[in-house]
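Each remark here refers to the structure printed beneath this line.
The values are calculated or read from the model by the stated rules, or taken from the named source; none is laboratory data. The structure presented is a predicted model; accordingly, all values stated were derived computationally and were not measured. We place every Cβ from the backbone using ideal geometry, glycine too, and count neighbours over all the protein chains shown. For the accessible areas, the whole protein counts, side chains as well, though only heavy atoms, and no ligand, DNA or RNA atoms are used. Shrake-Rupley method; radii C 1.70, N 1.55, O 1.52, S 1.80 Å.
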Amino acid sequence: MLALTASSTLELLQYSPPGWGANLLRGLMNSVLIALGAFGLGAVIGVGGAYGKLYGGPVLRDLLAIYTTVVRAVPELVLILILYYAVTDAVNQILLGLGQDRIQISGFAAGIAVLGIVQGAYATEVIRGAILSVPGGQVEAARAMGMPAGLLARRITLPLMLSAALPGLANLWLIATKDTALLAVVGFGELTQETRQAAGATKAYFTFFMAAGGLYLALSISSGWLFARAERWARRGQPELRG
Amino acid sequence: MSETAGDTRPEAIRIEGLHKSFGQLEVLKGVSLMAREGDIVAVIGGSGSGKSTMLRCINFLETPSAGQILIGGEAVATRPDGSPANRRQIERIRQSLGMVFQQFNLWSHKTILENLIEVPVHVLRVPKDQAVARAERLLARVGLAEKAGVYPAFLSGGQQQRAAIARALCMEPRAMLFDEPTSALDPELVGEVLAVIRDLAAEGRTMMLVTHEMKFAREVASHVVYLHNGQIEEQGPPEAVFGNPQSDRLKQFLRSVG
Ligand SMILES: Nc1ncnc2c1ncn2[C@@H]1O[C@H](COP(=O)(O)OP(=O)(O)OP(=O)(O)O)[C@@H](O)[C@H]1O
Ligand SMILES: [Mg+2]
């Protein structure tokens, strides 16, 4: 009986049909790509948002405050539903107004945009705090040597803030990988959605959700390792703290 | 600085009618000063007298409230609020003034060599091999040849300050600005940094040096300025300022610093 279960489990998870392995891996791939896109977009928004909050004019700062407050206050699921349907709707209204046909927004692009906007709000705060932790004297030394502002941000401030930002950014990355599961509500074929379909079709709920859990865990462990390496690199030049 | 009539050395740094306020607090109340090329101007004065502020106004790390700064005879263009009007001009002028800070301010994520070549390579567009060769020469000169690949945090304060001086020299500046370069150092490390500055003085470099090291100021300076309460209270050649002070305040100040 046990042997039978084990072999049928393996069969279910096999790469090619009748196994559902390929579907799960395709879902994982989609999840990772969306998470990467969202994390990247969030990081770009975060750097811009942090600089805007720190050095921008009053209007820009108010707008950014509204953005970070609202996005961080509303549950991600609600935001995804609002942004996905509202944005699709708005785009189509505009297209109709222009006399064009309706379009179907790709779940992939919408997923990156929606999760990226959410990530950006958190990243803005993470990076703002990290920039504030950069020793002012080092920035001043660069200014005193006539370094233009853009170069100074790229070569001095941002590398210096990285070691302080990375732990927070690593958290955001893990949240991004898991938040991709929320896209299942708009029917996008990421890992959770593929798992649900496989489980529904075969009634092997336990098998498939355990398998999905294992894949999420593997993703999280390998990214934890990558972030640890990145942090060591960002801390180059800083003597290790010993308690 | 020289009052001698007929001195034809080109002027390096000229401050005219410099005022600076932080909110209600007026820190500089009309300071005028000129350094010709090769001059070594030592700025002395009590804590809070405005020495650092004056130095920082020269390269516009602080925005003057009023007055004018001229570098090599070229006036820094300013907006009505006193801030630099022309980004390129102020960047170019800053590149021509090597500033050395009390806290060294080396970039902690770059090795000593990377600190030295950063601005020459990425801002001044010096070819990298040339910049590295120049940096290595300068590191050897300040006694840090073997520390090129080391990160700043692994050096002593004296070594960091010598590296910071080399970093400023690596831009081949027209003049050097020192703001209390030895004040953050343990007493036994002061000498090695002063030796480097003395070496620069000997080769005729233009310098403006804020310092609490009176003996050193007397030894290397060509001109000494005593700042009190945001104004130049007394100035002159070191023998006069230290040997024969005129104002009571300067006499008192010199007594208080020993
Ligand atoms: N950014 C600032 N904002 C407000 N006040 C300032 C600022 N910088 C300096 N001051 C004030 O200006 C005055 C002069 O400061 P400054 O640093 O020029 O003095 P100093 O002569 O260099 O003193 P020290 O010998 O202690 O370095 C001080 O009262 C100081 O508190
Ligand atoms: Mg000072």
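The charge dipole of the range A:2-234, taken about the Cα centre with unit charges on the Cβ atoms of Lys, Arg (+1) and Asp, Glu (-1), comes to about 460 debye, rounded to the nearest 20. Rounded, prolate or oblate: pick one for the range B:37-124, where a ≥ b ≥ c are the square roots of the eigenvalues of its C-alpha gyration tensor, a/c under 1.5 means rounded, and failing that, prolate if a/b is larger than b/c, else oblate. Oblate. If you wrap the Cα atoms of the range B:102-172 in a convex hull and average its projected area over all directions, you get 4.2 nm².
Annotation for the range B:83-184: trypsin sites (Lys or Arg not before Pro) lying in DSSP loop with at most 14 further Cβ atoms inside 10 Å of their Cβ are B:125. Cα centroids of the range B:212-258 and the range B:1-59: 14 Å apart. Quotient of the Cα radius of gyration of the protein assembly as shown and 2.2 N^0.38 Å, N being its number of residues: 1.33.
Compared with the direct C-alpha span, the chain from residue B:255 to residue B:125 gains 41.9 nm at full extension, assuming 0.36 nm per residue. Here each label is just a point 7 Å from Cα along the line to Cβ, and for residue A:140 and residue A:109 those points are 4.9 nm apart. In the range A:119-197, the C-alpha radius of gyration followed by the widest Cα-Cα span (Dmax) gives 18.5, 61 angstrom.
Here the protein assembly as shown is treated with +1 on each Lys and Arg Cβ and -1 on each Asp and Glu Cβ, and its dipole about the Cα centre works out to around 540 debye. Picking from B:66, B:109, B:22, whose Cα lies most toward the positive end of the charge dipole for the range B:2-132 (charges on Cβ: Lys, Arg +1; Asp, Glu -1)? Checking the options against the dipole of the range B:2-132, the answer is B:109.
Roughly what % antiparallel, to the nearest 5, for the DSSP beta bridges in the protein assembly as shown? Roughly 55 percent of the beta bridges in the protein assembly as shown run antiparallel, per DSSP. With 31 Å as the limit, write out which pairs from A:178/B:110; B:20/B:128; A:53/B:128; A:53/B:110; A:53/B:147 have Cα-Cα distances beyond it, or answer none. Those over the limit are A:178/B:110; B:20/B:128; A:53/B:128; A:53/B:147.
In whole Å, how far is the Cα centre of the range B:84-104 from that of the range A:176-201? If you average the Cα positions of each part, the centres end up 55 Å apart.
Against chain A, whose longest principal axis comes from its Cα atoms, helix A:191-202 is set at around 10 degrees.
Only protein heavy atoms count here; under a 1.4 Å probe, residue B:83 has an accessible surface of about 20 Å².
Of the trypsin sites (Lys or Arg not before Pro) found in the range A:77-155, those that fall in a DSSP loop while having at most 16 other beta-carbon atoms within 10 Å are A:102. With each label modelled as a point 7 angstrom along the Cα→C-beta vector, the residue A:238-residue B:218 pair spans 4.6 nm. Taking GluC sites (Glu not before Pro) across the range B:115-215, the ones in a DSSP loop with at most 10 further Cβ atoms lying within 10 angstrom of their Cβ are B:203.
Using the alpha carbons alone, the radius of gyration of the range A:2-234 stands to its Kirkwood radius in an Rg to Rh ratio of 1.08. Quote the FRET efficiency, to the nearest 0.05, computed for residue B:137 versus residue A:230 with a Förster distance R0 of 41 Å and r equal to the Cβ-Cβ distance. So, using R0 = 41 Å, E works out to roughly 0.70. Only the Cβ atoms of Lys and Arg (+1) and of Asp and Glu (-1) were treated as charged; on that basis the dipole of the range B:102-172 about its Cα centre amounts to roughly 80 debye.
Rounded to the nearest 0.05, the FRET efficiency derived from the C-beta distance between residue A:133 and residue B:32 at R0 = 30 Å is 0.15. The stretch between residue A:87 and residue A:55 holds 8.5 nm of extra length on full extension. This uses 0.36 nm per residue minus the Cα-Cα distance. With axes computed from alpha carbons, what is the tilt in degrees of helix A:76-97 against the longest principal axis of chain A, rounded to the nearest 10 within 0 to 90? Roughly 90 degrees, rounded to the nearest 10.
Estimated at 0.36 nm per residue, the fully extended path between residue A:16 and residue A:66 surpasses their Cα-Cα distance by 13.1 nm. Between residue B:7 and residue A:25, the modelled label-to-label distance comes to 8.0 nm, taking each label 7 Å out from Cα in the direction of the beta carbon.
Since only A:35, A:226, A:95 are under comparison, the one whose Cα sits farthest along the positive direction of the charge dipole of chain A, derived from C-beta charges on Lys, Arg, Asp and Glu, is A:226.
Comparing B:78, B:182, B:211 in a Gaussian network model of chain B where C-alpha atoms under 10 Å apart are linked, the largest mean-square fluctuation is found at B:78. Here the relative contact order of chain A, from alpha carbon pairs under 8 Å that lie six or more residues apart, stands at 28 percent.
With both residues required to sit in chain B, DSSP beta bridges show an antiparallel share near 55%.
Expressed as a fraction of 2.2 N^0.38 Å, the C-alpha radius of gyration for chain B is 1.00. What FRET efficiency would be calculated for the residue pair residue B:239, residue B:183, taking the C-beta separation as r and a Förster radius of 25 Å, to the nearest 0.05? Working from the Cβ atoms, E equals 0.50. Helix A:2-13 and the longest principal axis of the Cα set of chain A meet at an angle near 60°. Computed from backbone phi with θ = phi - 60° and the Karplus coefficients 6.51, -1.76 and 1.60, the 3J(HN,Hα) list for the range A:46-62 is x, 5, x, x, 5, 5, x, 5, 7, 10, x, x, x, 5, 4, 5, 5 Hz; x is used for glycine and proline.
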